[in-house]
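A quick write-up on the structure given underneath.
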Amino acid sequence: MSNLIEGNAVIGQSGGPTAVINQSLVGVVEGLLAEGAGRPGNPIKRILGMRHGVRGLTHDQLIDLTDKDQATLNAVARTPSAGLGSTRDKPDAEYCSRIFHACEKHDIRYFFYIGGNDSSDTCRIVNELANEAGYELRCFHVPKTVDNDLPINDHTPGYPSAARYVATAFMADNLDNASIPGIKINVIMGRHAGFLAAAAALARTAPGAEPEDGPHLVCLPEVPFDLDAFVEKVAEVYDRLGRCQIAVSEGIQDRDGQAIGAMLIQGEKDAHGNVQLSGSGALGDQLARILKERLKPAAGKPPRVRADTFGYLQRCWPDPSPVDSEEARRAGRYAGVLAASGDVDGSVAILRTGRGTGGEDYRSELERIELSDVAAKTKHMDPSFILDDFDVSSDFIDYARPLIGELPTFGRL
């Protein structure tokens, strides 16, 4: 431990909460404690938590996590959403100067930030500006995002649980759509990557699923959205089955890269300049309106079309994937151990070492990667995961199915 600097550690949570982000929080605490943090003579004196990320840090809103009993930690780990509170603040140079002042005030030398693309970029900015300022601050990013769009990672903590929610929601919604036939649109999170919308197709892999079960269309940001082709495909399914269930990513875009939702939503933007797509039902409502207009018979009523926007329910539904819970905790512990072992910065990546299909068990391992490998970068769905303009391939099913846990079995008459 001779290369460790004396001081306190601080942990923050940033960006959208998930069902397992607290597993990572507790994992960091456990990793540091296992290396002796908080004990007499250990360079890492105390483990602190920021209330609402860097915003709380700059306002001295910290809590001491060093001596929390294991029962409390376990209960927090099983609890969805961000136990410390989250933020979407993106620090600039002036903000970072306040962060350094707060770190100096509280003798903080180890900085852990749990989050996705924007949060990893915040961690990178803090790290680089600390180096420029000559303030020794060791910065570690712990991955988290339901969008599953961090590079290098096979998948990210939060995604398997959100994918499980989407799959089970589509299973139930499929039965609703079959009970009272019509056209049903469900809009799913995913600004730039379609992994979460694609998870709707996992509903078709549930025990007892039937060939005509939905979703019948899956619309992804990676595939240019052609409205005419969309209407034609819906009409074909509706004519054949008398109903149609559709999964639509909130980030679908046209051939010029213009987000369909952003063109329809004149909404607020967050600190990172992102239009808040998930806070509006405009995309689903507009697609429903278009389908009613275009599929209306020359004489007669338009088809029954309904739209739901899943919104924030996807992030923190309290039925997490077992794989997700275990890996999120392990990623946090790994970051704590990295810091206590003398690493000065980095991010944690989850790499798959066992496919979980074809008779091979699912396995994963963790690896330290550079902050610059993930900061403000976006991973998209591999082309092999896309079957055509409106569906996913068996390769995607093989990729995602081992992550989400057992799906329920529904009875049929």
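A short reminder: the numbers here are calculations on the coordinates, not readings from a lab. Small disclaimer: the values here were computed from a predicted structure and weren't measured. Positions of Cβ are generated from backbone atoms using ideal geometry, with glycine treated the same way; all protein chains shown enter the neighbour counts.
Sorted by average packing, counted as other Cβ atoms within 10 angstrom per residue and highest first, what order do 188-195, 299-306, 320-327 take?
Those peptides, ordered most packed to least, come out 188-195, 320-327, 299-306.
Between Lys292 and Asp256, 0.36 nm times their residue separation minus their Cα-Cα distance comes to what?
Gain on extension, Lys292 to Asp256, equals 10.4 nm.
Under 5 Å between amide H atoms, partner at least 5 residues away or on a different chain: which partners does Val142 have, H built in plane at 1.01 Å?
Under 5 Å from the amide H of Val142 lie the amide H atoms of Tyr113, Ile114, Gly115, each far enough along the sequence or on another chain.
Helix 322-340 against the longest principal axis of the chain: what's the angle in degrees, Cα atoms only, rounded to the nearest 10?
30 degrees
Determine ³J(HN,Hα), in whole Hz, for all residues of segment 91-105 in sequence, where each value follows from phi through the Karplus function 6.51 cos²θ - 1.76 cosθ + 1.60 and θ = phi - 60°; x replaces Gly and Pro.
x, 9, 4, 5, 5, 5, 4, 6, 4, 5, 4, 5, 5, 5, 4
Which listed residue (Asn42, Ile11, Ala133) has the Cα farthest towards the positive end of the charge dipole for the chain, taking +1 on Lys and Arg C-beta and -1 on Asp and Glu C-beta about the Cα centre?
Ile11
Only helical DSSP H runs with n ≥ 4 go in: add -39500 (n - 2.57) per run for the chain, normalise by residue count and round the 222 nm mean residue ellipticity to 500 deg cm²/dmol. Can you show the working numbers first?
Details: 13 runs with 147 residues, N = 413.
The helix contribution divided over the chain gives -11000 deg cm²/dmol.
For each pair in Lys184/Lys296; Lys68/Lys144; Lys68/Lys90; Lys68/Lys105; Lys144/Lys184, compute the distance between the two Cα atoms and list the pairs where it is over 21 Å.
Among Lys184/Lys296; Lys68/Lys144; Lys68/Lys90; Lys68/Lys105; Lys144/Lys184, the Cα-Cα distance tops 21 Å for Lys68/Lys144; Lys68/Lys90; Lys68/Lys105; Lys144/Lys184.
Counting alpha carbon pairs within less than 8 Å and at least 6 residues apart, what relative contact order, in whole percent, applies to the chain?
Details: 942 pairs, mean separation 93.8, N = 413.
With pairs under 8 Å counted, the relative contact order is 23 percent.
Suppose each label sits 7 Å from its Cα in the direction of the beta carbon; what would the Ile180-Thr205 distance come out to in nanometres?
3.2 nm
Roughly what angle does helix 282-295 make with the longest principal axis of the chain, taking Cα atoms, 0 to 90 degrees, to the nearest 10?
Result, in degrees: 10.
Between rounded, prolate and oblate, where does segment 363-413 land on the alpha carbon gyration tensor, with a ≥ b ≥ c its root eigenvalues, rounded for a/c under 1.5, else prolate if a/b exceeds b/c?
Oblate shape, in that a/c is at least 1.5 and b/c is the bigger or equal ratio.
Using the Karplus curve 6.51 cos²θ - 1.76 cosθ + 1.60 with θ = phi - 60°, work out ³J(HN,Hα) for each residue of segment 236-250 in order, rounded to whole Hz, and write x for Gly and Pro.
Karplus-based 3J(HN,Hα) across segment 236-250 equals 5, 5, 5, 5, 7, 10, x, 6, 7, 10, 10, 9, 10, 6, 4 Hz.
With a cut-off of 17 Å, note down the residues of segment 87-115 whose backbone N falls inside the zone around a label point 7 Å from the Cα of Asp343 toward its beta carbon.
110-115
For a quick check: with amide H placed at 1.01 Å from N, whose amide H comes under 5 Å from Ser321's, ignoring anything fewer than 5 positions away on the same chain?
Answer set, sorted by chain and number: Ser161.
Extending each Cα 7 Å along its Cβ direction at Glu132 and Tyr362, get the distance between those two points in nm, one decimal.
Distance between label points: 4.2 nm.
Points 7 angstrom from Cα along the Cβ direction at Asp389 and Val231: gap in nanometres?
1.3 nm
How many percent of DSSP beta bridges within the chain run antiparallel, rounded to 5?
Numbers: 15 of 48 bridges.
Percentage antiparallel, nearest 5: 30.
Could you state the angle between the C-alpha long axis of helix 159-179 and the longest principal axis of the C-alpha atoms of the chain, as a value from 0 to 90 degrees rounded to the nearest 10?
For helix 159-179, the angle is close to 20 degrees.
Can you give the Rg/Rh ratio of segment 316-355, where Rg is from the C-alpha atoms and Rh is the Kirkwood radius?
1.07
How compact is the chain by the rule of thumb for globular proteins, expressed as Cα Rg over 2.2 N^0.38 Å?
Against the compact-globule rule of thumb, the ratio is 1.05.
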